[in-house]
């Protein structure tokens, strides 16, 4: 009985060692992420940038970039991130700054006379819209780092940080400058046509006078 128990213990210990070796080899490279803010307020349809810090305490050099979680990708219009080479054994204290920029969505309804772009005014009576999600430090391939393409991640390893994006509504009156410009152009065109017509009539009268003098 004791022999069977001892054998079971050795099997459990052996399995634990195998799992430990596997995990150690799996995390021999990777990235970590640091941040100094968990929320940001941006103006509607404007670009904003945040700096995150990535590090690599492991034994292998890695390449990394900042990406968005799926729930934020659905509402952000566009985004871009620096790609960074992170040497092995880069500690948290030596984390490298990595800028991440994105464009916020059009969030609030506007009162427009034509479509959704002309002669609009914006009233901001609603509460600020806030979107929650995560930013992720993702290990990428050397090919993606060098070419800036979509070579993907060789290991698909990533770590994330929570973030809330508040989209600020900017109130403004209806812009009627286009109407004023059109009115000025029409008035200028009519004035020019009137001047041309007067000159033509004057030339005709002068021609008639010259002909009458010749006939006499």
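The values are calculated or read from the model by the stated rules, or taken from the named source; none is laboratory data. In this text the structure is predicted, and so the values were computed from the model without any measurement. Here the Cβ is made from the backbone with ideal geometry for all residues, glycine too, and neighbour counts use every protein chain on show.
Any residue in the range 121-136 that is at pLDDT below 85, part of a strand (DSSP E or B), more than 15 Å from the chain's Cα centre (by Cα) and in the same structural domain as residue 42 (by TED's automatic domain parsing)?
Taking every residue of the range 121-136 in turn, at least one turns out to be at pLDDT below 85, part of a strand (DSSP E or B), more than 15 Å from the chain's Cα centre (by Cα) and in the same structural domain as residue 42 (by TED's automatic domain parsing).
Among (1) out of contact with any strand residue (DSSP E or B) (no Cβ under 6 Å at 6 or more places or on another chain); (2) on the phi > 0 side of the Ramachandran plot, where does residue 119 come up short?
Tallying (1) out of contact with any strand residue (DSSP E or B) (no Cβ under 6 Å at 6 or more places or on another chain); (2) on the phi > 0 side of the Ramachandran plot, residue 119 fails exactly one: (1).
Which of (1) in a helix (DSSP H, G or I); (2) surrounded by 11 or more Cβ atoms within 10 Å (Cβ to Cβ) is the odd one out, the single condition residue 93 does not satisfy?
(2)
Yes/no matrix, rows are residues, columns are (1) under 14 Å from residue 163 (Cβ atoms); (2) in contact with a helix residue (DSSP H, G or I) (Cβ under 7 Å, 6 or more places away or on another chain):
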{"residue": "48", "(1), (2)": "yes, no"}
{"residue": "51", "(1), (2)": "yes, no"}
{"residue": "61", "(1), (2)": "no, no"}
{"residue": "66", "(1), (2)": "yes, no"}
{"residue": "75", "(1), (2)": "yes, no"}
{"residue": "80", "(1), (2)": "no, no"}
{"residue": "83", "(1), (2)": "no, yes"}
{"residue": "87", "(1), (2)": "no, no"}
{"residue": "93", "(1), (2)": "no, no"}
